[in-house]
Amino acid sequence: MSFNAEVGKQIRMYRKKRGLSMEELAEKIYKSKSVISKYELGQSNIDITTLYEIAQALSVDVRNLLAKQDIVAKGESAQRFGIFQEDRLYLYLVERHKKKATLHRGLITIFAEEDGDSQLTATLYLGLERDFAFEKCKSVYHGRLDCTPYNASFYLTNPLEPSEHIGIFTRISRGNRSLALGLHLSYEMLSNTPTATNVIISLRPLAETDSLISSLMTEKDDISNLRAGNVFRGKEFVDESDLIR
């Protein structure tokens, strides 16, 4: 996908999440609706000044509009281990309400800053359909990834709602070469209550079967361990053969 098309999709996604029409965005940056349409379709180059104006109109950091999907400056891999050496990963978690389990999908993109900084930047697009088209996400989070040979940690914030944060903490295990298991920590917005759920991050989309749902659910042993030690621990291992497509 071309650079213009990628940026255009980001502009369209953030514009819609802000509840703005193309006419309203055009008015904010003193352009015509047709120009905005060409930007969003990737049919016109955007100069850097206009890109900053669009970011300001959408109240997001300009870097959010440049979130990379396909091209990643990997450089040396000393700070990236396991599946986190890849630039595109798939996330799964389950929420249960009134005995009904709902599977949530996410897409994570990772890239290194091009100025030579060792910091890894990550974007999570959460609430996706089966095609993992990022522009259809229900929410988006942007932040950093810290990676060691043993674990990987994401610290993310919703650029459209800066008070909304997510932490994802996973272990890098030799037993799971295509997956990383961990916990997804966030705030339940309605009650402002911290929550934790099991999460699986994968190199590829997984088979959405009962096995995947079961792997993400809290089990009786988890509850027993919580009661005994007052600590909720993420899963240590799942059988990849049951989950890989």
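Some points to look at:
- For residue 101 and residue 244, the difference between the fully extended length at 0.36 nm per residue and the C-alpha to C-alpha distance is 49.4 nm.
- GNM on the chain, alpha-carbon springs under 10 angstrom: the most fluctuating residue among 121, 148, 170 is 148.
- Here the extension length gained between residue 2 and residue 119 equals 39.6 nm, from 0.36 nm per residue of separation less the Cα-Cα distance.
- Most mobile of 184, 142, 97 in a GNM of the chain (Cα contacts under 10 Å): 97
- Estimated from the Cβ-Cβ distance and a Förster radius of 41 angstrom, the FRET efficiency linking residue 209 and residue 32 is about 0.25.
- As a proxy for reagent exposure, ranking 90, 141, 187 by other Cβ atoms within 10 Å from fewest up yields 187, 90, 141.
- Listed values (1) 19.9, 90; (2) 20.9, 60; (3) 19.3, 63, entry calculated as Rg and Dmax of the Cα atoms in Å: (3)
- Extension gain for the segment residue 129 to residue 150, taken as residue separation times 0.36 nm less the Cα-Cα distance, is 4.5 nm to one decimal.
- When 39, 92 are sorted by how many other C-beta atoms sit within 10 angstrom of their C-beta, beginning with the fewest, the order is 92, 39.
- Fluctuation leader among 122, 112, 207 - the chain, Gaussian network, Cα springs under 10 angstrom: 207
- Each of 29, 110, 213 was scored by other Cβ atoms within 10 Å of its Cβ. Listed from fewest to most, they are 213, 29, 110.
Values quoted throughout were computed directly from the atomic coordinates according to the rules given, and no laboratory measurement underlies them. The shown structure was predicted, so the numbers you read here are calculated from the model rather than taken from an experiment. Glycine also receives a Cβ, built like all others from the backbone with ideal geometry; neighbour counts cover every protein chain displayed.
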